[in-house]
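Okay, so here's the structure we're looking at.
The values are calculated or read from the model by the stated rules, or taken from the named source; none is laboratory data. Given the structure is predicted, the values throughout are model-derived calculations rather than measurements. Don't worry about glycine lacking a Cβ; one is built from the backbone with ideal geometry, like all the others, and counts go over all protein chains shown. With ligands, DNA and RNA removed, areas are computed over all heavy atoms of the protein, side chains included. Shrake-Rupley method; radii C 1.70, N 1.55, O 1.52, S 1.80 Å.
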Number of protein chains: 2
Amino acid sequence: MFENIDLILRDRCKLDKSRPVLVGVSGGPDSLCLMEVLRQAGYQIIVAHFNHKLREAADLESIAVERVAARLTIPFVVESAEVSIYAETNSLSLEEAARTLRYRFLFAQAQRLNAQAVAVGHTADDQVETVLMHLIRGTGLTGLKGMSYRTILPIFDADIPLVRPLLNAWREETVAYCAANSLKPHYDPSNDSVDFLRNRLRNMLIPTLETYNPKFREAIWRTVQSLQADHSVLKETIDEHWKKCLILQDKDYVTLDLSRLSRYSVGLQRHIIRRAVEGLMPGQETVFSVLERASDFIKDARRVRVNLTGGLSLFREGEALYVATSSADLPFDHWPQMPIQKDRMEISVPGKFELSGGWSLSAEAWRLPALAWEQASRKEDPFEVWLDAEGLPAMLELRVRREGDLFEPLGMQGHLQKLSDFFINEKLPPRARGRWPLLCAGGKIIWVPGFRPAESYRLQQTSRRVVYFSLLRPRELN
Amino acid sequence: MFENIDLILRDRCKLDKSRPVLVGVSGGPDSLCLMEVLRQAGYQIIVAHFNHKLREAADLESIAVERVAARLTIPFVVESAEVSIYAETNSLSLEEAARTLRYRFLFAQAQRLNAQAVAVGHTADDQVETVLMHLIRGTGLTGLKGMSYRTILPIFDADIPLVRPLLNAWREETVAYCAANSLKPHYDPSNDSVDFLRNRLRNMLIPTLETYNPKFREAIWRTVQSLQADHSVLKETIDEHWKKCLILQDKDYVTLDLSRLSRYSVGLQRHIIRRAVEGLMPGQETVFSVLERASDFIKDARRVRVNLTGGLSLFREGEALYVATSSADLPFDHWPQMPIQKDRMEISVPGKFELSGGWSLSAEAWRLPALAWEQASRKEDPFEVWLDAEGLPAMLELRVRREGDLFEPLGMQGHLQKLSDFFINEKLPPRARGRWPLLCAGGKIIWVPGFRPAESYRLQQTSRRVVYFSLLRPRELN
């Protein structure tokens, strides 16, 4: 009766015949039909019935399902719960409470009985209703593409999929199928009495829409097919670029490659930001204006930070873009920082001194042959420097900055600059400044690692006794 | 009053102030508002009014618009047409006829007056209605993403864009704006009396939907924003892969790189096929089942051809996938073929002989030094061959195949094979077989160019007098 059902079961739902499928059976036509279709196709099944205890007839219906299973010698499991009490204690709508308890039961049984999947009887009509419901509430492609033949619901189980083999069958067809197979469904499936919005859609709105287009349901069904194909291509594209852009993903923040991201189209940028936001705030749908704010921010290189939504902010640091919660403990490992609780340390030459995050300062004394001058003064790594040891005190100091610090950068003709201005000019991210290590001699800053030495003690062509300082990166950054 | 209108005019509609914008003004609140917004923003405008002659008041409204333009000293152009007559003679609905004639007028005037764009007053309400109309009729992402701020309508003009600056303003806002700017719109814009479905949506369906969600219009508007971003990313992705897959595009067929396409996801395959189909049949929306058939075909390497839709078919030839109309004159240039009307030709050595499509056969007589044997017998290009001249008749023949042709392929231990089976085994596309050139001597096929020589006259270690045949490709294939 159902075209291609064998292919759908095998290729779309990815079911195999070696392990049981747990079928949720309410006793209505859809779920009874599903049970019988699976049975006739040769799958091992277990019938699972959840009694919502919401209507007088509920217990009788439960018994009816049990009898059908017994007659067909199908294993049967049942559970009942006071859905209305659970709804009240958890401030949920009856519909949400019923759904949560039902799926919790189905997946618990599937785990216990080693089932490969939980199967439910959603039909093409349910699909149309779901999509329409999403549309009325406001949604994006993810909502409009509707339900899938096979999906994982992580809140119920990370591995066992939910499958919906009847998604392309209309409700009328399940009714006819039951009749043809001598199954007697009850006609007030518990869903109907619980989900008021869905009932109103089904019984009032869809008939109204059918006055505009008698084939309205088919039209939506085709739209869904087409959007599912679009969604899968879009998802591939975003997955691919997400991987390329992602530097680091933590529970409180995401670091993205800003230089790459800014070369992307605005649409793609927004999708990448959306993925970052939704990874940090699961279950949250990101509204368009937030994404628009994000892409405007990316475009404007002068801006440093913008608030996104729900405490999340977006900010740039050099080539990195952060999406972070307000409580995020952002990584400092890619910068040298003075150890926490140690604002200064004495530096003797030679020696090696631990900073935080695996960084360290090494100091070595050298005698420089005349010919090496040019080579040593060629600045290659900003985290190393050669200084003239002549007149340099034996004891130096590495410390955090202090209010009013001045610095005389090499090559600025003796111009004294506020260290704070120097940091701004060099675009050192503000949060890195507070504990940035500064090498000092006799109260003067003689080297700002990563940037520049000072004029004092600078290497000269005549220098012979020299000190070589280098900041060593943690091994994993090399 | 309208947030960001300057940015929308500049960045979304891409208007500049150096050339006029032709504004379609019906006299209703939306178009009057648009006119005034553009004027106040400092753009040069021309007011264009099209009188549909559909209602009694039409002429009065036309005069009212002219007066407003005169009062504000804006250039004014007008045209009227008997829309109902045009509709009848062209079997169009009144709405289609009105739209066609109106846009034809607007773009003709824009061309004549050197306008940079045609601007129309579509609002966020029109957007919601349009999307809903598409949804009810059945659509895909292209329909659901709604109208754009700036678009090209190739049937009216290939260069001048249609812009819709008010797409994010609600109709109430245009009414309020007119009131605030002392403009008196007439309240039965001609659209209303023409487009019955749209009116029913506006006045009945949307109010019904607002009983489900009072913010229904805003919900759809947000959905549209989100789908537009999705659509742009999807379009980029498809554009990129289309370029990679496309071998040749002709008005009657498209040739795609099958080996690349078959590595793509099913969703992407369907999009590529859709682009091919819609390129061959412009204006046609491809239904999902057609795309499904196409991707199933691509997956099944044993299948050679499938019908798609409206006379289009899909077929494979080696690494090429064709989407072609039934009348397509497919290219043969990449194969050697006997000239049309010339089923055989005599071949003398040496000589050069023209085949069709720029191919030719060259025959040369050589004396082979002993040491060259190994090199000559190493088969590198299947379109060249060395044969032993000993016993070879002076006159050879190049001809098309004949019923019952047999062939004794080199290296098959003298096994005689039907030529038709040989072609099948070698996977020569059927349409190439009929005029494939065969080199014959004394009634026997001695070489199938592109594949194999026969046992007879094969080159041996003792061969000294040899003939070198080669099929030369047209220059553009080298």
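Note on A:261-268: average number of Cβ atoms from other chains within 10 Å of each residue's Cβ is 3.
As a length-normalised measure over Cα pairs under 8 Å and 6 or more apart, the relative contact order of chain A settles at 11 percent. For the stretch B:56-137, the orientation-averaged shadow of the C-alpha convex hull comes to 7.5 nm² (one quarter of the hull surface). Bridge orientation summary for chain B: considering DSSP beta bridges with both residues in this region, about 80 percent are antiparallel. Considering every alpha-carbon pair of the stretch A:186-279, the percent of pairs per 10 Å bin, from zero through the bin containing the longest distance, is 13, 26, 19, 21, 18, 3, 0.
Viscosity 0.890 mPa s, temperature 25 °C: give me the Stokes-Einstein translational D for the stretch B:271-364 in µm²/s, with Rh taken as the Kirkwood radius over C-alpha pairs. Roughly 153 µm²/s, to the nearest whole number. For A:LYS215, the point set 7 Å out from Cα toward Cβ sits 3.6 nm from its twins in the other copies, listed from shortest up. Compute the Rg/Rh shape ratio of the stretch A:1-130: radius of gyration over Kirkwood radius, all on alpha-carbon atoms. Value, to two decimals: 0.97.
In the complete set of protein chains, residue-level accessible area for A:GLU82 is approximately 100 Å², probe 1.4 angstrom. Entry note, the stretch B:193-330: relative contact order of 20 percent, from Cα contacts under 8 Å with a spacing of 6+ residues.
Shielding by partners for peptide A:270-279, expressed as the average number of C-beta atoms from other protein chains within 10 Å of each residue's C-beta, is 1.
Could you tell me whether the stretch B:237-321 comes out rounded, prolate or oblate from its Cα gyration tensor? Rule is a ≥ b ≥ c as square roots of the eigenvalues, rounded for a/c under 1.5, then prolate if a/b exceeds b/c, otherwise oblate.
rounded
Figure note: B:VAL77, A:VAL21 ranked by solvent-accessible area, largest first, 1.4 Å probe, ligands and nucleic acids not counted: B:VAL77, A:VAL21.
Each copy carries A:SER84; placing its label point 7 Å along the C-beta direction from Cα gives inter-copy distances of 6.2 nm, listed from smallest up.
Relative to the other identical copies, B:LYS17 shows label-point distances of 7.7 nm, where the label point lies 7 Å from Cα along the Cβ direction and values run shortest first.
In terms of the Cα gyration tensor, with a ≥ b ≥ c the square roots of its eigenvalues, is the stretch A:116-184 rounded because a/c is under 1.5, prolate because a/b exceeds b/c, or oblate? Judged from the Cα gyration tensor, the stretch A:116-184 comes out oblate (a/c at least 1.5, b/c at or above a/b). Each other residue within a Cβ distance under 12 Å of A:ARG10 adds +1 if Lys or Arg and -1 if Asp or Glu, for a net charge of +1.
Specify whether the C-alpha gyration tensor of chain A places it in the rounded, prolate or oblate class, a ≥ b ≥ c being the square roots of the eigenvalues: rounded for a/c under 1.5, otherwise prolate if a/b is larger than b/c and oblate if not.
prolate
The mean count of C-beta atoms from other chains within 10 Å of the C-beta of residues in B:204-211, rounded to a whole number, is 3. Taking Cβ atoms as reference points and 13 Å as the exclusive limit, the residues near A:LEU34 contribute a net charge of -1, counting Lys and Arg as +1 and Asp and Glu as -1. Based on Cα atoms of the stretch B:88-136, Rg over Rh with Rh as the Kirkwood radius reads 1.08. The percentage of C-alpha pairs in the stretch A:279-333 whose separation is greater than 19 Å is 28%.
Remark: accessible surface ordering of A:VAL118, B:VAL78 (largest first) is B:VAL78, A:VAL118, probe radius 1.4 Å. Counting only protein heavy atoms and using a 1.4 Å probe, the accessible area of A:LYS444 comes to about 110 Å².
With contacts taken as Cα pairs under 8 Å at a separation of at least 6 residues, the stretch A:101-176 carries a relative contact order of 41 percent. Here is the size of the protein assembly as shown from its Cα atoms: Rg then Dmax, 38.3, 106 Å.
Each of B:HIS52, A:HIS186, A:HIS134 has its accessible area taken with a 1.4 Å probe; listed largest first, they run A:HIS134, A:HIS186, B:HIS52.
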